[in-house]
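Comments concern the structure below.
The values are calculated or read from the model by the stated rules, or taken from the named source; none is laboratory data. Bear in mind the structure is a predicted one, so any value in this text is a computation, not a measurement. We place every Cβ from the backbone using ideal geometry, glycine too, and count neighbours over all the protein chains shown.
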Amino acid sequence: NNLKQHFSLKKEKLFGPQQVVKAVDGVSFEIMPGETLSIVGESGCGKSTTGRSILRLDEPTSGEVLLFGKNLVTMNKKELRVARKDIQIIFQDPYASLNPRRTIRKMLTEAMSIQKIVPPEQQEARMIELMSLVGLRPEYLERYPHEFSGGQRQRIGIARALAVNPKIIICDESVSALDVSIQAQILNLLKQLQRDLDLTFLFISHDLSVVRHISDRIMVMYLGKVVEIADKQSLFTQPHHPYTKALFSSIPVIDKEHRKERIILKGDLPSPLNPPTGCSFHTRCPFATDKCKAEVPALREITATQKVACHFAENLV
Ligand code: SF4
Ligand code: MG
């Protein structure tokens, strides 16, 4: 499928004079048109960095992000601005990303004008359409961000992202700050918009029940690396990587057949400043051997829809 988008990132962050942290270490994945691919993992695993590096809000040190055949990583500012029409990001806290002194009208007009997508005479109609798409009344265009609830603000954040008619939207913890009932409304809105507008989502979240609701495929990260990537069904019913198993054992399962015992990981999350040798999970893995300490496991295909980075993936099911 030549429409799929390929992301392959290398990124090192500098912490102090000699300390180099690889926030994202050779992460590589593809996203299919119209799907929702989620990235999960504990905080500090590199999921946000991955999302931000794709847009170059964080600069990757190397790698490529192929968007419709063009590499975002090597683009100059002007090319990047054009490319960003196709890929937008929605953050966790809509309030922090909305300018308090601008009305919604002003904000949406700006978004449309920067990208010169909607000619001025059509902007009014487009704004009303955007408001209706996200379930807000058109008279709200004249209001300021502080006049809205958290859920409404996130709807405004979505409207602003949609203003430029993107194909891909990165949602970075986009519902994490909301109450559970509001979360469900926003997730349903995102799904509806995906169907109606043929959107592709890269959904970053630490919340597995949210991820279960929204995803087609899921990518699990640990200390800056992808440890497993699979379709949702396989990952929830038959995770292969010991870290995925532990992570997913913490969520309640309604279906008795798939209920698993909670696995508590020993030890703390190692510092990304000094990640363990070999398999970076070996300090906490109940199955670790000498090979694990010495050799980095490659991300390998286990089935047609599941890839795992563990030397013993086949034996641990
Ligand atoms: Fe555990 Fe070894 Fe597999 Fe890493 S490679 S997850 S340490 S068994
Ligand atoms: Mg984050």
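Listing for the model above:
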| read-out | value |
| --- | --- |
| Complete set of residues in segment 261-270 that are more than 12 Å from ligand 1 (Cβ to nearest atom) and surrounded by 12 or more Cβ atoms within 10 Å (Cβ to Cβ) | 263, 269, 270 |
| Evaluation of residue 289 against (1) more than 29 Å from residue 191 (Cα to Cα); (2) within 16 Å of ligand 2 (Cβ to nearest atom) (one fails), failing number | (2) |
| Residue in segment 208-224 that is of a type in the set (A, V, I, L, M), at positive phi and either crowded, with 18+ Cβ neighbours inside 10 Å or within 16 Å of ligand 1 (Cβ to nearest atom) (or both) present | yes |
| Some residue of segment 197-207 being modelled with pLDDT of 95 or more, away from ligand 2 (no atom under 16 Å from the Cβ), over 30 Å from residue 276 (Cβ atoms) and assigned to a helix (DSSP H, G or I) | yes |
| Qualifying residue in segment 41-55 (condition: more than 22 Å from residue 296 (Cβ to Cβ), modelled with pLDDT of 90 or more and among the hydroxyl-bearing types (Ser, Thr, Tyr)) | no |
| Verdict on residue 155 being among the basic types (Lys, Arg), free of Cβ contacts under 8 Å to residues at least 40 places away in the same chain, more than 25 Å from residue 116 (Cα to Cα) and part of a helix (DSSP H, G or I) | no |
| Elements of type helices (runs of 4 or more DSSP H) in segment 54-149, at least 2 residues being hydroxyl-bearing (Ser, Thr, Tyr) and in contact (Cβ under 8 Å) with a residue 24 or more places away in the chain | 94-97 |
| Members of segment 271-284 that are near ligand 1 (Cβ under 9 Å from one of its atoms) and within 26 Å of residue 251 (Cα to Cα) | 279, 280, 281, 282, 283, 284 |
| Test: residue in segment 286-298 that is at pLDDT 95 or above, among the charged types (D, E, K, R) and either touching a helix residue (DSSP H, G or I) at 6+ places or on another chain (Cβ under 8 Å) or in a loop (DSSP other than H, G, I, E, B) (or both) | yes |
| Segment 285-298 - residue that is in contact (Cβ under 8 Å) with a residue 40 or more places away in the chain and more than 25 Å from residue 29 (Cα to Cα) and, of those, farthest from ligand 1 (Cβ to nearest atom) | 286 |
| Those residues of segment 304-317 which are more than 8 Å from ligand 1 (Cβ to nearest atom) and either crowded, with 16+ Cβ neighbours inside 10 Å or not in a helix (DSSP H, G or I) (or both), in sequence order | 304, 305, 306, 307, 308, 317 |
| Residue in segment 274-284 that is surrounded by fewer than 11 Cβ atoms within 10 Å (Cβ to Cβ) and either under 17 Å from residue 222 (Cβ atoms) or at pLDDT 85 or above (or both) present | yes |
| Any chance residue 170 is under 22 Å from residue 96 (Cα atoms), under 15 Å from the mean Cα position of the chain (by Cα) and either more than 16 Å from ligand 1 (Cβ to nearest atom) or assigned to a strand (DSSP E or B) (or both) | yes |
| Hits in segment 241-262 (condition: outside any helix (DSSP H, G or I) and either at pLDDT below 95 or over 22 Å from the mean Cα position of the chain (by Cα) (or both)) | 249, 250, 251, 252, 253, 254, 255, 259, 260, 261, 262 |
| Unique match (being under 24 Å from residue 9 (Cβ atoms), in contact with a Lys or Arg (Cβ under 9 Å, 6 or more places away or on another chain), of a type in the set (Asp, Glu) and more than 10 Å from ligand 1 (Cβ to nearest atom)) among 228, 301 | 301 |
| Complete set of residues in segment 171-196 that are surrounded by fewer than 20 Cβ atoms within 10 Å (Cβ to Cβ), within 16 Å of ligand 2 (Cβ to nearest atom) and not hydrophobic (A, V, I, L, M, F, W, C) | 176 |
| All positions within segment 288-297 that are touching a His at 6+ places or on another chain (Cβ under 9 Å) and either surrounded by fewer than 18 Cβ atoms within 10 Å (Cβ to Cβ) or within 14 Å of residue 224 (Cβ to Cβ) (or both) | 289, 291, 293, 295 |
